[in-house]
Amino acid sequence: MRADPLLVETVERMFAENLAPENLSEAHRSGGAGFTALAREMGLDMVLVPQEQGGYGGGWPDAFVIAEACGRYAAPGALPEIMIRRWLGHGADRAEDGASPLPMPAGALLRSAQMAGAAQGLVERTAAYCSERRQFGRPIAKFQAVQQQMAELAGYAGCMQAASQQAFAAVQEHGMPESEESVAWLAIAVAKCRCSELVHPVTQIAHGVHGAIGFTEEMGLQYFSLPLWRWRAEYGRDADWAEAVGRRAIAAGPGATWAALTR
Amino acid sequence: MPEGAQSLRREVRAFLDDALRDVPLSERALSWDACNPDFSRRMGEAGFIGLSFPVEYGGGGRTQLERFVVLEECLAAGAPTGFHWFADRQSGPLILRYGSEELKRRIIPLICRGELCFCIGMSEPDSGSDLASLRTRAARTSSGWRVNGTKIWTTNAHRAHYMIALFRTGEGQRRNEGLSQFLVDLRNTPGIRIAPIRDIAGREHFNEVHFEDALLAEDALIGVENEGWAQVTEELALERSGPERYLSCQALFNELLPILGERGAGDSAAVAVGRIVAQLGALRAMSLSVAAMLEDGESPALEAAMVKDMGTRFEQSLPRLAQEIVDLPPDGAEDALPYQQALHLMTVLAPSFSLRGGSGEILRGIIARGLGLR
C-alpha cells in the first residue's frame, strides 16, 4: 500500500505555507500551538483513525508522510505523537498530553520517520546554503571537497528515508509488532538503529559545511539538529536495538536471519 | 512483499538448496564473481534468468521486484552466477530496449537459457573514471565498421560470447558526444586479441582486449549512432543499484554467525552483529526502492549511485568488522575453517568492490550533480 497522493500534496502545501524557513523561529516561539491547531483542523492527527470513528481511515504509509514532513519542515509541537495517541484510541485530552511516552515499538517507529525527515531537511538547507555562500571567488558548492561531503550527507538521508519507510510498510502489512517474534519488529529495529546511528554523520556534515553561521540561533539549524540529537536516544539507542538484533541473529543463524530480513 | 514474489522466493530457495549442494565455499564466496556455465544453464532451465524480459523473447514476463527476489536469494546463498550475470542485468535489457527485432529474437532467448556470457567494454588504458575520454574508434567502412583500440579491466572477456562495447564514432562539441554502443561477437571476429590480467588474488577474471582492424557488420551498432552516452548512463543505473552492491560478502557473514553461536558472543559482539544486520536491512530497502522506480519506467541514476556508494563501503568494511568480532585470522588453506577461508577471500577481494562500476568519488560526483551543486 502506498501513501494517498492527495494527502501527500495537502501536507506538502500546508507545511510549505506555514513552516517556510523565514517563519520557523516565529512558529517555534509560540510553542507550535498555532501550527498544531491548524493541523488538527485539517484532521492530520486523525490519519490512522478509522473513518467510522470519525478519522481519515489511512494507513501507516500515510502516517509516515506526516511524521517525515514534521521532521523535514522542523514542525513545532507534537503532531506526530498526537497522531499515534489517536491511533491508540485516546481522546483529545489524553492525546495532547505530551508528557506521557508512547508505547514501544510505536515510539521507535515514529522517531525513525522524524529523524529521516529532519536529515532530509538538513540536506535541503545545506545544499541551498553552499550554493549561495562564496569563498575563494566562487560558491563553496563548486569545491569537490564540499560536493563529496554533500553526496555523503544525501546518501545517509536517503538511507534513513528508505529504512523508515520500509518499517512503516512492514507495520501496514503485518501489524504493529507485539514482540520480537512479530514480523515487523526487525524492520522497526533496522530503521531505528540505522536512523539513530546516522544522526552523528548527518549533523556533523550539515554543521561543518555551514561553518560558524550554522551555530547561530538566527540560521535555524537547531530546529533540525537539536531534535535529532534527542531522538536518537529516545525509544532505544542504536546500540540497544543493535544488541537485540545481534542476539537474535546469533541465536537464529544465517538462514533464519536472512529469512527474517526478507519476510 | 506481494504473495507472488514470496512464493517465487520459496521456489528459488528450493532450487538453490539442491543446485548448490556440491558447490565449494571458494566458489560460493565469490558468488556473482564466479563463472559456472553448468550452474547458469540450470538456472536458465528453471526460468530464473531474464525473469523480467518479455515472454515472447523467452523471458519470464515478471516484475522488477520479482527479479530482485531471485537476485538477492542467489547472492545470499552464494550462487555462482557470474557467467550470466552481466547479460541478465544489463546487456539483455539494453538489447531489448535498443536492439533490432532480429537481434532480440536471436540473442534474448539464449540469454534466458543461461547459454550466453557477456562482458562490458567501457574502460580503456587511459580512460577509467573519465570514461568520456575513451579513444577506441569504430570507423565507417562500405559495409560496416572498422575498430581499433584497447579496452581494459574487461571482466569475463576471455569467457564471453559477446561484448557490449562503447566506441568513438564521431566528434562532438562535448566529449561525451560521438560515442556509440556496439554488439561485438568476440568468438567470430578476426582482429580481436584477449589477454587476461592476473589480479592480486592470483585469479584471471579481467582482461585487456585489443582491437586491430576488427571488422563489424553494419548492424553491430546498438541504438542510435553517436548517442551512446545516454544509453550507457541508463545501463549504469541497472549496474549500480542491485543487491550485489551490498551482498558480495554474504558468505563471510553466513560463516561468522555459526562461529559466534558455538563460541558464545559478548555484548559488544552482539551489538556489532546487529549493526551489520541493520545496515543490510537498510541498504536492501534503498535497493528495493530503486527496483520499484525501474518498474515504473524511471531511470534513477542518482539513487543507484547512492546504493552503490553506501553498499560497497558496507561490503568493504565487513572483513575488518568480522575480525573485530571474532579473533580468528584469515587463512586461505583448504584445511582452514570455512570462516577463515571466506575471511581470506573477502579481505583480498574487498578493494575491487568500489572500483567496478564506478569509484566512490565518481558516484558522489553524480549525487552532487543530482543535488544541483555541479
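Every number here is computed from the coordinates shown, using simple stated rules; none is lab data. It should be emphasised that the depicted structure is a prediction, and the values quoted were computed from it without experimental measurement. We place every Cβ from the backbone using ideal geometry, glycine too, and count neighbours over all the protein chains shown.
Among A:200, B:158, rank each residue by its count of other Cβ atoms within 10 Å, from fewest to most, as a rough exposure measure. Mind dumping the intermediate values first?
On the way: A:200 14, B:158 19.
Ranked by crowding around the Cβ, least crowded first: A:200, B:158.
Which aspartates and glutamates does residue A:142 reach when only Cα atoms under 12 Å apart count, and residues fewer than 8 places away in its own chain are ignored? Counting by Cα, and skipping residues close in sequence, residue A:142 has these aspartates and glutamates nearby: A:132. Largest mean-square fluctuation among A:36, A:203, A:216, in a Gaussian network model of chain A whose springs join Cα atoms under 10 Å apart, belongs to A:216.
Please report, to one decimal in angstroms, the Kirkwood hydrodynamic radius of segment B:3-116 built from all distinct Cα-Cα pairs. Kirkwood hydrodynamic radius for segment B:3-116: 14.0 Å.
Please report the net charge: other residues with Cβ closer than 13 Å to the Cβ of residue B:20, K and R +1, D and E -1.
Values: positive: B:13, B:21, B:28, B:42; negative: B:17, B:18, B:22, B:27, B:38, B:73.
Summing Lys and Arg as +1 and Asp and Glu as -1 gives -2.
Would you list B:56, B:124, A:218 from fewest to most Cβ contacts within 10 Å? Spell out each step's value before the answer.
On the way: B:56 11, B:124 22, A:218 6.
Listed from fewest to most nearby Cβ atoms, that is A:218, B:56, B:124.
Does the protein assembly as shown come out rounded, prolate or oblate by the C-alpha gyration tensor, with a ≥ b ≥ c the root eigenvalues, rounded set by a/c under 1.5 and, if not, prolate when a/b is larger than b/c and oblate if not? Verdict is prolate for the protein assembly as shown. Sorted largest first, the spans of the alpha carbon positions of segment B:241-370 along the three principal axes are 47, 26, 23 Å.
Using the Cα gyration tensor of chain A, with a ≥ b ≥ c the square roots of its eigenvalues, what is the shape: rounded (a/c below 1.5), prolate (a/b larger than b/c) or oblate (neither)? Walk me through the numbers on the way to the answer.
Values: a/c = 2.00, a/b = 1.20, b/c = 1.67.
The shape class here is oblate.
Taking only DSSP H segments of four or more residues, each worth -39500 (n - 2.57), what value at 222 nm results for the protein assembly as shown once the sum is divided by all its residues, to the nearest 500 deg cm²/dmol? The helix contribution divided over the protein assembly as shown gives -18000 deg cm²/dmol.
If Lys and Arg each add +1 and Asp and Glu each add -1, what is the summed charge of the other residues whose beta carbon sits under 13 Å from the beta carbon of residue B:198?
Working: positive: B:203; negative: B:199, B:204, B:208.
Here the count lands on -2.
Each Lys or Arg adds one and each Asp or Glu subtracts one; over the other residues with Cβ under 14 Å from the Cβ of residue B:281, this totals +3. Under a GNM of chain B (C-alpha, springs under 10 Å), which listed residue has the highest mean-square fluctuation: B:178, B:44, B:242? Answer for the Gaussian network model of chain B: B:178.
Counting alpha carbon pairs within less than 8 Å and at least 6 residues apart, what relative contact order, in whole percent, applies to segment B:12-119?
Numbers: 164 pairs, mean separation 38.4, N = 108.
Reported relative contact order: 36 percent.
Normalised by the number of residues in chain A, the mean separation of alpha-carbon contacts (under 8 Å, six or more apart) gives a relative contact order of 18 percent. Looking at the protein assembly as shown, the DSSP beta bridges with both ends there are about 85 percent antiparallel.
Relative to the Cα centre, what is the charge dipole magnitude of segment A:43-154, using +1 at the beta carbon of each Lys and Arg, -1 at the beta carbon of each Asp and Glu, and rounding to the nearest 20 debye? Walk me through the intermediate numbers first.
On the way: 10 positive and 11 negative charges, 138 e Å.
That gives a dipole near 660 debye.
For segment B:315-374 versus segment A:137-157, the spacing of their alpha-carbon centroids is 24 Å.
Taking the fewest neighbouring Cβ atoms within 10 Å as the starting point, the ordered list for A:225, B:142, B:359 is B:142, B:359, A:225. Mean sequence separation of contacting Cα pairs (under 8 Å, at least six apart), scaled by the length of chain B, corresponds to a relative contact order of 15 percent.
Under 10 Å, Cα contacts only: if you run a Gaussian network model on chain B, which one of B:181, B:323, B:341 comes out with the highest mean-square fluctuation? So, out of B:181, B:323, B:341, the one fluctuating most is B:323. Where a ≥ b ≥ c are the square roots of the eigenvalues of the C-alpha gyration tensor, would you call segment B:95-243 rounded, which needs a/c under 1.5, or, failing that, prolate if a/b is larger than b/c, or oblate? In terms of gyration-tensor shape, rounded. Of all complete DSSP H helices in chain A, those with a Cα span along the helix axis of 27 Å or greater and a mean Kyte-Doolittle hydropathy of -1.0 or more are A:106-132, A:144-174, A:183-210.
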